[in-house]
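The values are calculated or read from the model by the stated rules, or taken from the named source; none is laboratory data. Given the structure is predicted, the values throughout are model-derived calculations rather than measurements. Cβ coordinates were reconstructed from backbone atoms using ideal geometry, including for glycine residues, and neighbour counts include every protein chain displayed. Accessible surface areas use protein heavy atoms only, side chains included; no ligands, DNA or RNA. Shrake-Rupley method; radii C 1.70, N 1.55, O 1.52, S 1.80 Å.
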Amino acid sequence: MGKVEGGMKCVKYLLFVFNFTFWLMGSFVLAVGLWLRFDPETVSLLNGDKAPDTFFIGVYILIGAGSLVMLVGFFGCCGAVRESQCLLGSFFACLLIIFGAEVAAGVFGFLNKDKIIEDVQTFYSTTYNEDNNSTLIVSYQKILNCCGTSADPCPDSQP
């Protein structure tokens, strides 16, 4: 395949810029996932004995999605600059896989949203009602910028 000229050269560099942005966003998602996984305050929230597994599953999905998006962005950037049919084919295949995974995750989340919400609410209520977990509750309130509940507000909170 020969080198591109004219208007196609503009399309080539637009594809590069788009994929570089895609790669940067993947890097950001990966960084957020790694931060949530290794931040001591966040880990203290997610590491309780009765904590639902869905917390860490969501963090691992962020890490995996960020890594995959970075890989796809890399394939797209290199394929656009080098005009490589192999890399552009890999880019297209990865986009199809990502699209299928997004549809599957959306359906799974929609079908199980009530259970996920119930698990999170039950965990927080149980932890809040136990007297021996005051450090965990303080950690919750610090990270979420809240204090108490509507039934039992903090003494210094204003109604």
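Might you tell me the accessible area per residue for segment 12-106, computed with a 1.4 Å probe and given in Å²? Don't skip to the answer; put the middle values down first.
Working: 5720 Å² over 95 residues.
I get 60 Å² per residue for this part.
Quick one: length gained pulling F56 to F18 fully straight, 0.36 nm per residue minus the C-alpha distance? If you can, show how the numbers build up before the last one.
Working: separation 38, 0.36 × 38 = 13.68 nm, distance 3.09 nm.
Contour length minus Cα-Cα distance gives 10.6 nm.
How many nm is it between the label spots at K9 and A93, if each spot is 7 Å from the Cα in line with the beta carbon?
Distance between the two pseudo-spin positions: 3.2 nm.
Which order do peptides 74-81, 6-13 fall in by mean Cβ count within 10 Å, highest first? Before the final figure, lay out each step's value.
Values: 74-81: 20.4, 6-13: 10.6.
Per-residue mean Cβ counts within 10 Å order the peptides as 74-81, 6-13.
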